[in-house]
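What follows is calculated from the coordinates using simple rules that are stated; it is not laboratory data. Remember, it's a predicted structure, so these values are computed and weren't measured experimentally. In this analysis, Cβ positions are derived from the backbone assuming ideal geometry, glycine residues included, and neighbour counts consider all displayed protein chains.
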Amino acid sequence: MINYEALYKISYGLYIVSSGDKTRGNGYISNTVFQVSSKPARFAACCNKNNFTAGLIIKSGCFAVSVLHKDTSPDIFGRFGYKSGKDFNKLEGMQIKYGETGTPIILNDSIAFLDCRVVQTFDVGTHLMFIGELVQSEIINESQEPITYLYYRQVRKGIAPVNAPTYIDRSKLEPKVQSLDLKKFKCSNCGYIYDEASEDKKFSDLPDDWICPVCGSEKIDFIEI
Ligand SMILES: Cc1cc2nc3c(=O)[nH]c(=O)nc-3n(C[C@H](O)[C@H](O)[C@H](O)COP(=O)(O)O)c2cc1C
């Protein structure tokens, strides 16, 4: 028997994994970056085969990891975690630095970065696991703490979309009891649920300029569920 709640007990951080070059770069939000060896220092990054970034990592043979902090803006999660670089240039307007490998590194809301060269690639199912050897790393901001996946879920109320390795079909989780006169509204972009049972305001009483706290989408993008 599989209890899907048990999978939430695994700890992760949250990162932007980027790749490409000066002509075309891109990045995606990832909670599956971790160090796999000390000498040489090597890191794994799991990337969905459908992510636009996967093709850029394969082509360039490099990826960078930006470590996000706890107050990372919803716009960053919205742009890098719920939209694809297939549809627009995610790096436009971002603070970018090019690492020693030539990879674009996103500095917005980041406290440190790693720049890696791919040494191995594993096909693990829905995802490719890239193993990258560390070429360069720097601290950008000492005053902020790294955000964890737990904090993202419990405090920021974010959920991982279908392309994340840790995506869990919510119908597999135990249903919670809900009062009939209180409603739930779901963000059509990131899946965040505004649950009137746990908020102090009805959804209809929120101001028109209220935005999704997870991805920055507008109130109009919410649908009642
Ligand atoms: C909290 C969170 C964690 C995620 N973790 C991963 C991950 O580890 N691997 C992955 O491939 N996608 C992950 N995703 C999904 C990608 O960020 C998302 O599919 C993105 O739009 C892909 O962008 P791209 O097509 O421009 O590469 C995650 C998204 C969120 C919001």
Structure shown: which of LYS49/LYS97; LYS83/LYS201; LYS70/LYS90; LYS59/LYS90 lie over 24 Å apart, alpha-carbon to alpha-carbon?
LYS49/LYS97; LYS83/LYS201
Could you let me know the centre-to-centre spacing of the stretch 17-73 and the stretch 126-164, using Cα atoms, in angstrom?
10 Å
Give the aspartates and glutamates reachable from LYS219 as a straight Cα distance under 20 Å; neighbours fewer than 8 places away on the same chain don't count.
ASP75, ASP195, GLU196, GLU199, ASP200, ASP205, ASP208, ASP209
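Counting Lys +1, Arg +1, Asp -1, Glu -1, what net charge surrounds GLN120 among other residues with beta carbon under 13 Å of its beta carbon? Can you show the working numbers first?
Numbers: positive: ARG42, ARG117; negative: ASP123, GLU133.
Charge balance in the 13 Å sphere: 0.
How much length would be gained if the chain were fully extended between ASP209 and VAL124, taking 0.36 nm per residue of separation minus their Cα-Cα distance, in nm to one decimal? Spell out each step's value before the answer.
Numbers: separation 85, 0.36 × 85 = 30.60 nm, distance 4.24 nm.
Residue separation times 0.36 nm, minus the Cα-Cα distance, leaves 26.4 nm.
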Spatially close lysines, pair count over the stretch 116-197: Cα under 17 Å, gap of eight or more or interchain
6
Considering only the other residues whose Cβ falls under 13 Å of the Cβ of ILE131, what net charge follows from Lys and Arg at +1 and Asp and Glu at -1?
0
Taking the Cβ of GLN154 as the centre, find all other residues whose Cβ is under 14 Å away and add up their charges (Lys, Arg: +1; Asp, Glu: -1).
+3
In debye, nearest 20, what is the charge dipole magnitude of the chain about its Cα centre with +1 on Lys and Arg Cβ and -1 on Asp and Glu Cβ, if you could check?
700 debye
Label points 7 Å out from Cα along the Cβ direction at ASP87 and ARG170: separation in nm?
1.9 nm
Highest GNM mean-square fluctuation among GLY99, GLY27, GLY81, for the chain with Cα springs under 10 Å, belongs to GLY99
Cα convex hull of the chain, projected area averaged across orientations, nm²:
13.9 nm²
Pop a pseudo-label 7 angstrom from the Cα along the beta-carbon direction at both ARG24 and ILE2 and give the gap in nm to one decimal.
3.4 nm
Once both labels are modelled 7 Å past Cα along the beta-carbon direction, what's the SER137-SER38 spacing in nm?
1.2 nm
